[in-house]
1. Tally time: how many residues in the stretch A:161-190 are in a loop (DSSP other than H, G, I, E, B) and within 22 Å of residue A:250 (Cα to Cα)?
2. So is residue A:16 in contact with a strand residue (DSSP E or B) (Cβ under 8 Å, 6 or more places away or on another chain) and within 26 Å of residue A:282 (Cβ to Cβ) or not?
3. Identify the residue in the stretch A:203-228 that is touching a Gly at 6+ places or on another chain (Cβ under 9 Å) and not acidic (Asp, Glu) and, among all such residues, is nearest to residue A:248 (Cα to Cα).
4. Would you confirm whether or not the stretch A:142-157 contains a residue that is of a type in the set (A, V, I, L, M, F, W, C) and within 8 Å of RNA strand B (Cβ to nearest atom)?
5. Scan A:424, A:441 and give me the residue that is over 45 Å from the mean Cα position of the chain (by Cα), part of a helix (DSSP H, G or I), more than 30 Å from residue A:298 (Cβ to Cβ) and not hydrophobic (A, V, I, L, M, F, W, C).
6. All but one of (1) under 15 Å from residue A:72 (Cα atoms); (2) surrounded by fewer than 22 Cβ atoms within 10 Å (Cβ to Cβ); (3) of a type in the set (S, T, N, Q) hold for residue A:27; which doesn't?
7. Take the stretch A:30-47 and flag every residue that is buried (at least 23 other Cβ atoms within 10 Å of the Cβ) and not small (Gly, Ala, Ser).
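The values are calculated or read from the model by the stated rules, or taken from the named source; none is laboratory data. On a predicted model such as this, the values are computed, not experimentally measured, just so you know. Every residue, glycine as well, gets a Cβ built from its backbone with ideal geometry; the counts of neighbours run over all protein chains shown.
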Amino acid sequence: MSNVRVRFAPSPTGGLHLGGVRTVLYNYLFARQNKGSFILRIEDTDQNRYVEGAEDYIYNALSWCGLEPDESPRHGGQYGPYRQSERKESYRRYAEKLVQEGHAYYAFDTPAELEQMRNELRTDENPNPQYDHRVRGKMRNSLSLSAKETEELLQKDTPHVIRIRMPEKDKVSFTDMIRGEVSFETGLVDDKVLLKADGMPTYHLAVVVDDHLMEISHAFRGEEWLPSAPVHILLWRYLFGEDKMPQWAHLPLILGPTGKLSKREAMKYGFPVFAMNWKDPATGELTEGFRERGFLPQAFVNLLAMLGWNDGSEQEIFTLQELVEKFNIDHVHKGGAKFDFEKAKWFNHEWIKKLPASHYLPEVKAQLQQRGLHVEEDGQLERIVTLVKERCSLLTDFYDNSYFFFRAPAEYDTAAVLPKWNAEKRNFFHEFLKETESITEWNSAFLENAFKQLAAVHGIKPGELQLPFRIMLVGGKFGPGVFDIADILGQKETAARIGSALIQFK
RNA sequence: GCCGCGUUCGUCUAAGGGUUAGGACACCACCCUUUCACGGUGGUGAUACGGGUUCGAAUCCCGUACGCGGUACCA
């Protein structure tokens, strides 16, 4: 193991969306590539947002994708605990240390007072007044109050938070692995809360403390975190030293068709956003997942990897192993990527074709049975799946492409047959029916040969007979090659279907 | 408003000073196939705009426009 340690730190709020999985993926690839560790840390410090079952969901989703963490609340590790709520005590210490050193301060403002401040300061020019160095002198905090007043308030257990004291005039900059040099004026950043009144840290404090304690070396996160980077950098500077700070990589956002990718928008356009189905235990609301939509995990991981990264070549289909080998942070794109469901389906289609049927036979079988088809034998199903997989983009497409193997047609597309139907053709099929009884070798090539020879005897072009044959077997103009269908159906079933069809064709 | 990040075919992207700006998805046409797909061949289609720098700019610099993100005791 190298000293490369990366982490994914989701808050258990339910579901795991595309952007989240891609962040995990890049973390994972980077860790594996450098023979380092991939850590799953749970950010459950916001009681209001914590959702029952959400943590299990994250494990299941990662496991489905094949992105198993090395360390986590469940996998254990030397740097535990891996849930923030279980690390509560340590955060206060660091916050107090910052106060003592003058980098942070106690703030006693009530929510109502904050609201009042914002209302008073709000103008058209400044729609979102911040609690910053220009404002903090007018608020109730240990900077504006005397030491004695502050002490009294603390003695009386007055609810308070700890805020970072952003320098009035300073410049913070860092080198992002993807974007290069990024810099901020500290005077324009507000005094973020570090420790909440309930004693829980905010993300800002927690991420810095935990990254330090867990010896994180590289940190990948979404671009939405870029604006708070100066706060984190300052915290590193004050607490542990900037030289110990992990290297940052802010990943481009994944966008929806008209803007930010949201559950709501995805639903509107009919595609999933979550890795797997998520049912909110509180509301009962079900959000569809890629897995249930019929995606293979290999395809899901592949398409996500390509959303913002490429290896510089024209290759698009990668196994996870290949991604580990070829992933390269320099090739991660800076701009946000719009998610295209059509292309996502193409990836899945490629993977369905690429993988042997055995890889997804159980899923397909379960789906067929769920929809009322009786699958008698796995061997036959495997032949069917192998035959029709190239026409399926999603695992759920297998039903439409194979149900006719399990069920004789209830109706026939007679409009496609009858206009050209005549006594000779009927005759042909009667004879073909008889001939099939004595066919010794029941396979596609042999059948086709017999069919064509007999057609020649009757002086009919085989093409003119193939469509009626198809309709006899499956009922309509669809499905794979007719002789392949007959092959799988077997002699008995094929004969039965021809027989029933001949009664119908008048 | 302020701050930050971004901008190559409709979409994902390649090209890191010199290419007829390449590929993939989607779309269209043809071929294959007397179903539909798969496959094959070809086609439509892009450097946001304006200034520089340079013999030469999609590429470097500045400005503008547009998009996105942030601006919570949420992450």
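1. Qualifying residue count for the region: 5.
2. When the stated conditions are applied, residue A:16 passes them.
3. Among them, the one singled out is A:218.
4. The answer is no, given that none of the residues of the stretch A:142-157 is of a type in the set (A, V, I, L, M, F, W, C) and within 8 Å of RNA strand B (Cβ to nearest atom).
5. A:424
6. So residue A:27 meets the others, but not (2).
7. The initial filter retains those residues of the stretch A:30-47 that are buried (at least 23 other Cβ atoms within 10 Å of the Cβ), namely A:31, A:37-42, A:45.
Within the stretch A:30-47, A:38, A:39, A:40, A:41, A:42, A:45 meet the criteria.
Residues are listed down the side, and each one gets a yes or a no for (1) buried (at least 19 other Cβ atoms within 10 Å of the Cβ); (2) within 12 Å of RNA strand B (Cβ to nearest atom); (3) modelled with pLDDT of 95 or more; (4) part of a helix (DSSP H, G or I):
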{"site": "A:207", "(1), (2), (3), (4)": "yes, yes, yes, yes"}
{"site": "A:220", "(1), (2), (3), (4)": "yes, no, yes, no"}
{"site": "A:226", "(1), (2), (3), (4)": "no, yes, yes, yes"}
{"site": "A:229", "(1), (2), (3), (4)": "yes, yes, yes, yes"}
{"site": "A:258", "(1), (2), (3), (4)": "no, yes, no, no"}
{"site": "A:265", "(1), (2), (3), (4)": "no, yes, no, yes"}
